[in-house]
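In what follows, a single structure is set out as structure tokens and then discussed.
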Amino acid sequence: MPINYIYPDYEIERDYDKCINCRVCERQCANEAHAYNERRGKMLADSSKCVNCHRCVSLCPTRALKIVRTAHTFRENANWNGQLINEIYKQCDSGGVLLSSMGNPREYPIYFDRLLLNASQVTNPSIDPLREPMETRVSLGAKPDRIERGADGRMVNNLPPRLNLSMPAMFSAMSFGSISYNAHESLARAATELGIYYNTGEGGLHEDFYRYGPNTIVQVASGRFGVHGEYLNAGAAVEIKMGQGAKPGIGGHLPGKKIVGEVSRTRMIPVGSDAISPAPHHDIYSIEDLRQLVFSLKEATAYTKPVIVKIAAVHNVAAIASGIARSGADIIAIDGYRGGTGAAPTRIRDNVGIPIELALAAVDTRLRDERIRDRVSLVAGGSIRSSADLVKAVALGADACYIGTAAVLALGCHLCRSCQEGKCNWGIATQVPELVKRLNPNVGYRRLVNLMNAWNHEIKEIMGGMGINSIESLRGNRLMLRGVGLNEKELSILGVKHAGE
Amino acid sequence: MKRVYVNEQWCLACHLCEYYCAFANQDETDMSTALKGVPIRPNIRVEQLGDVCFAVNCRHCDEPLCVKGCLTGALSVRDGVISIDRDKCVGCCTCVVSCPYGAVTPTEDGVVQKCELCVNTRDGEPLCVKGCPNAAIVWESVVR
Amino acid sequence: MRYVVIGNSAAGIGAIEGIRQADPDGRITVISSEPYHTYSRPLISYFLMGKTDGERMRYRPEGFYESNGCETMLGVKAVSVDPGRKTVTLEGGASVEYDKLFVGAGSVPFVPPIEGLETVTNRFTFMTYDDALALKAAITPASRVLIVGAGLIGLKCAEGVAGSVAGITVVDLAPGALSSILDAEGSAIVREHLESRGIEFRLSDSVAKVSGGVATLVSGAEIEFDILVLAVGVRPDTALIRDAGGKCGRGILVDSFMRSSLPDIYAAGDCTESLDVSSGTVKVMALLPNAYRQGEVAGINMAGGSAELTDAIPMNAIGFFGLRVATAGTYEGEAYTDRKNGYKKLFYKDDTLKGFIIIGGIEKCGIYTSLVRERVPLSRINFPLIRENPGLIAFSRSYRDAKLGGAAI
């Protein structure tokens, strides 16, 4: 029906002067947007099939392709923009919930961009990280509140199990199923080489990756997919996922078509069955219930591994975090509303949750106020886009950050936000063998390592400028931040002064 | 010595290696100008059947049947690279019949062509390797 | 160590390069009755066509003998070998001592006993550079050339002179062109192609007698000619070994190490006969690729190295006016014929490819050759696929990984 025709947002533009008809665009587009037209002897494109993933643009040997925003427009209206109108049309057609992926794309304030970092001048010296030692290692976990001594007066090691990171970053939870085997291998190998951690997400751990266990965080979520004793003990820490920044209050739904072969085996569910993670954990309705699961997992791992509780940043986050800190968890991970996902209802992704910067500051403040900050480490996630974001998050109170979107970008993701289609042209968010093959982990892991090493260099550079030689000294050090263009309320929640103050 | 190896596991049958190869062996420095409207004659070729695909080029064998069988002495091993002297080749194609990989190709010009690891091209190193989007083609020394 | 290499063509050069792989220092003396730097014999027809010249015909670069430390005695014929005293006697009586002797004497053209042959002044054989030079000097644009023999040599000669003479007639007793390496259909394709270029054929016929410029065929037909080329075949030159008491069949008998039956004497190339693994029979395989490989194996063994040739097969690549012909192995067993891209016939038996004839689309046919040479069990590859198109895709993944993939990253 003509009424449901939606003009594509982006159009494929081909420079026919440059195009040599090598057809790599056609071969590489899983959406079949390109086709060679025998009769006209040239390549033609159907922009309506294009998801703007740039696979063709990147591989075109003569640089003949680009994707441009369409000039096609509705009559301009600040209230009813084109996207909203088109979404109405789509729902009129499908009668269903709109799905999308990756993080919240809407124009809410990005507080990281309103926070500025300090640097030393005259009265305190800055440090040259190329000449002086600069420490970015962090240790995550609960800290004992007192020193214990034995009968002989010697100190007793009462340090609970911890995670030791070479730099304050870890790869976020992304399940095998939502991402490919090769993506998982890339993350696992990169984490191992970097001396940090990656996270299985709720998809179990493929047996091939048990050897990366010392750098693996195994996740237990509401669907309990792939969870068994060996799995829990395979990693360095266990994470209970209560929520996800991209879809707070919502469970997960991995469609049956992605539950193929190895994914099915690893998740321990039949091939082709939908993997539905319930919205809540049905055994957790209170902090006390959470405490039971925390200790069940500690019991199952003989108290040798720290337990992380991951929540989405929501309105009451500070109070919830306080409860989690008292539940026996060693680490709290907070996921902001810009955090990515392989699939989420669009309305949830775009409208639920709060910014990580505010959540993190509120939680850190609350735990300090309640004098329980040392009981837990804080990990912040939900669109840490650069080393600067990471440094700001640490200054707001994070011990470390989860890096998700930036990591998949390193693997080749071009943020087309079509993960839910399962036809990722970059071999990341797909289980189609010929697409999975496109991500060579030998390349992928190297790019991840490069990215993290680059960030670590930058972190050291920034710290040196501040005159700080250990990341520990930066944590929660909000004096190193100044807000710009923020109102009193925002500044007070962030616990920072305005620039010029 | 460094050779080109193809890892079937990562080959995507995108055929870019063929185009980069064809380009590497031309004097023209702009790829569009070099290849537009001309059938390419690459020295590396992708074979594909169903989901199995891989590229094949000269293996620069240690015991090269093509060199040993060459009637004219046009094929020779220079620093481990099996090279062809186009001036000497008369296109008899004995090498084509000898090569177990099908990596020497007859041409209409009356001389055969084959991969010479780009030693004489402006890049000086194999362009198929540089152009492979998935590191399926690598150029390295492997001790066997 | 003193090495003496008799013969300066592919087998002899192979022997020199083989010796040098195992012994960089020993003295090598090369003796050849031809006074030239090593050249490629098969190029003499290209020389007539003008596709190559004396310079480019060199089989090895100038300086080859110096860089390989060879002493040369070119234009000197070795007339006998004394395996007891280990000497080679040269024309004129001088002798050369050896510790290890290599014989790559090649073959000699067979001149059929045709009545009246002595009456023909412009009479040639077509095997050496001298033959080509003489023929080239004799032909004029008005020459009518009669070639006796429609085999490889005769037809290459015909192609070689085609552009420079008034007419060519080829006579052969056999019913087809290249009948020793082609079947009837293939033979017809080649003949028609040559006929389209103006070459006339008189097949299943032979020259009964010649007189001056007229040949009378057995059929009674008379052909006038200015130039007569005798190309009915060649015979292995076994004299040196045979006279010294070495075992010979049609050629000098050698084993897979290229040893003759005489101590410290090795032989290779057109003068020998050896095992064709495609048919399992011993035969003369007078082909340059075999000559070189045999020579190389001989050389390595002469110099104390260790090498063996266990996969020799007949193999031909030949072209006439752009028409490419490739053949290998033996034509026995069942046949698979494909006429989609030229003419292709594969012969297979006992789970192995025995041989093939391809005319036209010869691309990648070396893969077939390898199947013949290596006796690859067809049940282990995708034969229905590979018989349509030669490709490595028909092999197993592990085979390909071993051959193509090297990176262990």
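The values are calculated or read from the model by the stated rules, or taken from the named source; none is laboratory data. As the structure is a computational prediction, the values presented were derived from the model and not from experiment. Ideal geometry is used to build each Cβ from the backbone, glycine not excepted, and the neighbour counts take in all protein chains shown. Remember, those area values only see protein heavy atoms, side chains included, never the ligands or the DNA or RNA. Shrake-Rupley method; radii C 1.70, N 1.55, O 1.52, S 1.80 Å.
Charge tally for A:P105 (other residues, Cβ to Cβ under 11 Å; Lys, Arg +1; Asp, Glu -1): +2.
Within a Cβ distance under 11 Å of C:K283, other residues only, what is the Lys/Arg minus Asp/Glu net charge? Intermediate values should be presented prior to the final figure.
Details: positive: C:R250; negative: C:E273, C:D276.
Spelling it out: positives minus negatives among the neighbours equals -1.
To the nearest whole number, what is the average tally of beta carbon atoms from other chains within 10 Å of the beta carbons of peptide A:430-437?
Per-residue shielding by partner chains comes out at 2.
As an exercise, find the ratio Rg/Rh for the protein assembly as shown from alpha-carbon atoms, using the Kirkwood inverse-distance average for Rh.
We get a ratio of 1.14 for the protein assembly as shown.
In this view, the solvent-accessible surface of A:W80, computed with a 1.4 Å probe and all protein chains in place, comes to about 130 Å². Between 0 and 90 degrees, the angle of helix A:287-300 with respect to the longest Cα principal axis of chain A falls at about 90 degrees. For chain B, the cysteines with no partner cysteine C-beta closer than 4.7 Å are B:C11, B:C14, B:C21, B:C53, B:C61, B:C70, B:C89, B:C92, B:C93, B:C99, B:C118, B:C132. Put simply, when A:373-382, C:167-176 are sorted by average Cβ atoms within 10 angstrom per residue, most first, you get A:373-382, C:167-176. Inter-chain Cβ neighbour count for B:77-89, averaged per residue, equals 1 (cutoff 10 Å, partner chain atoms only). The gain in end-to-end length when the A:N158 to A:H457 segment is fully stretched comes to 104.3 nm, 0.36 nm per residue minus the alpha carbon separation. Go ahead and run the numbers for FRET between A:K90 and A:A151, Cβ-Cβ distance against an R0 of 56 Å, rounding to 0.05. Taking R0 as 56 Å, the efficiency between A:K90 and A:A151 is 0.20. Solvent-accessible area per residue in segment A:2-96 equals 63 Å², computed with a 1.4 angstrom probe and all protein chains kept.
Probing with 1.4 Å while keeping every protein chain in the model, the per residue accessible area of segment B:60-114 equals 31 Å². A straight Cα-to-Cα reach below 23 Å connects A:K42 with the lysines A:K18, A:K66, B:K36, residues fewer than 8 places away in its own chain not being considered.
Annotation: aspartates and glutamates with alpha-carbon distance below 13 angstrom to B:K130 (same-chain offsets under eight excluded): B:E18, B:E140. Judged by the mean number of other Cβ atoms found within 10 Å, the most tightly packed of the peptides A:441-448, A:197-204 leads the ranking A:197-204, A:441-448.
Tally Lys/Arg at +1 and Asp/Glu at -1 over every other residue whose Cβ is under 15 Å from the Cβ of C:Y59; what's the total?
That sum, taken over residues with Cβ under 15 Å, equals -2.
The helix-only estimate of mean residue ellipticity at 222 nm for chain C, built from DSSP H runs of length n ≥ 4 each weighted as -39500 (n - 2.57), is -6500 deg cm²/dmol after division by the residue total. What residue among C:I189, C:I393, C:I300 has the largest mean-square fluctuation in a Gaussian network model of chain C, using Cα springs under 10 Å? Of the options given, C:I393 has the highest mean-square fluctuation. For chain A, the longest principal axis of the C-alpha atoms and the axis of helix A:82-94 are separated by about 80°.
Between the alpha-carbon centres of segment C:368-393 and segment A:84-155 there is a gap of 59 Å.
Pairing chains B and A buries close to 1600 square angstrom of accessible surface in total, based on protein heavy atoms and a 1.4 angstrom probe.
Take the accessible area of chain C alone and of chain B alone, subtract that of the pair, and you get about 3800 Å² summed over both chains, using a 1.4 Å probe. Burial annotation for segment B:41-71: residues with an accessible-area loss of at least 30 Å² between the isolated chain and the complete set of protein chains, computed on heavy atoms with a 1.4 Å probe, are B:R45, B:E47, B:L49, B:F54, B:R59, B:L65, B:K68, B:L71. Accessible area ranking (1.4 Å probe, heavy atoms, ligands and nucleic acids excluded), largest first, for A:H72, C:H193: A:H72, C:H193. Listed cross-link partners C:K86/C:K247; B:K68/C:K51; C:K77/C:K247; A:K392/A:K423 are compared with a 24 Å cut-off, the Cα-Cα value being larger for A:K392/A:K423.
Where both residues lie in segment A:138-498, what percent of DSSP beta bridges are antiparallel, nearest 5? Restricted to segment A:138-498, the bridges split so that about 25 percent are antiparallel.
Give me the angle, in degrees from 0 to 90, between the Cα long axis of helix A:387-396 and the longest principal axis of the Cα atoms of chain A, rounded to the nearest 10. Result, in degrees: 40.
Partner shielding of C:315-325 amounts to 4, given as the average count of beta-carbon atoms from other chains within 10 Å of each residue beta-carbon. Straight Cα distances below 24 angstrom link C:K349 to the lysines C:K283, C:K340, C:K364, with same-chain residues fewer than 8 positions distant left out. Each of the peptides A:413-423, A:394-404 was scored by the mean count of other Cβ atoms within 10 Å over its residues; in descending order, highest first, they stand as A:394-404, A:413-423.
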